[in-house]
1. Could you tell me whether residue 19 is surrounded by fewer than 17 Cβ atoms within 10 Å (Cβ to Cβ) and among the basic types (Lys, Arg)?
2. Would you please list the contacts, defined by Cβ atoms under 6 Å and residues six or more apart or on different chains, that run from a residue in segment 65-84 that is without any contact (Cβ under 8 Å) to a residue 40 or more places away in the chain and open to solvent by 60 Å² or more (accessible area, probe 1.4 Å) to a residue that is of a type in the set (D, E, K, R) and outside any loop (DSSP other than H, G, I, E, B)?
3. Are any residues in segment 57-108 touching a helix residue (DSSP H, G or I) at 6+ places or on another chain (Cβ under 6 Å) and within 19 Å of residue 6 (Cα to Cα), and if so, which ones?
4. Of everything in segment 74-123, what is more than 16 Å from residue 9 (Cβ to Cβ) and part of a strand (DSSP E or B)? Give them in sequence order.
5. Can you go through 13, 39 and tell me which one is of a type outside the set (A, V, I, L, M), over 11 Å from the mean Cα position of the chain (by Cα) and either open to solvent by less than 60 Å² (accessible area, probe 1.4 Å) or closer than 19 Å to residue 106 by Cα (or both)?
6. Quickly run through segment 23-55 and pick out the residues that are within 11 Å of residue 103 (Cα to Cα) and either of a type in the set (A, V, I, L, M) or not in a strand (DSSP E or B) (or both).
Amino acid sequence: QVQLVESGGGLVQAGGSLRLSCVFSGRTFSFYTMGWFRQAPGEEREFVAAISWSYGSLSYADSVKGRFTISRDNAKKTVYLQMNSLKPEDTAVYYCAASNLATTKRTSDFDHWGQGTQVTVSS
């Protein structure tokens, strides 16, 4: 059974940085595409970034390109989201997710989800 636990959220001023971590437990981490999603109050959950298990290809939402970086450490079974130049509109609950597809960024393709970590960016 796959379990995901996020950490690293918090309150930061605009222009600041945070690094989110997601620890994976269960089956073979290296065979999962890992993604980060976020959901602001009253909004739908949206894709932020993903890193595939095949070739480690990266995908980003246009709104975070150039500011956020996703990475993974297969030995530690951990995926990271480095967030720089944060903006108030980045405020949301951030979720880590796992998919057994080779590469995807569709919410419906991710079978396993963490509980989320709150990121709040003040102006």
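1. Details: surrounded by fewer than 17 Cβ atoms within 10 Å (Cβ to Cβ): yes; among the basic types (Lys, Arg): yes.
Yes: the conditions hold for residue 19.
2. none
3. First, pick out the residues of segment 57-108 that are touching a helix residue (DSSP H, G or I) at 6+ places or on another chain (Cβ under 6 Å): 74, 77, 99, 101.
74, 77, 99, listed by residue number.
4. 98, 99, 112
5. Numbers: 13 fails: either open to solvent by less than 60 Å² (accessible area, probe 1.4 Å) or closer than 19 Å to residue 106 by Cα (or both).
Checking each option against the conditions leaves just 39.
6. Restricting attention to segment 23-55, the residues satisfying the condition of being within 11 Å of residue 103 (Cα to Cα) are 31-35, 50-55.
Within segment 23-55, 31, 32, 34, 50, 51, 52, 53, 54, 55 qualify.
The values are calculated or read from the model by the stated rules, or taken from the named source; none is laboratory data. These numbers were taken from a predicted model, which means no experiment stands behind them. So basically every Cβ, Gly included, is an ideal-geometry build from the backbone, and we count neighbours across all protein chains shown. When the accessible area is computed, the model is the full protein with side chains, heavy atoms only, and any ligands, DNA or RNA have been set aside. Shrake-Rupley method; radii C 1.70, N 1.55, O 1.52, S 1.80 Å.
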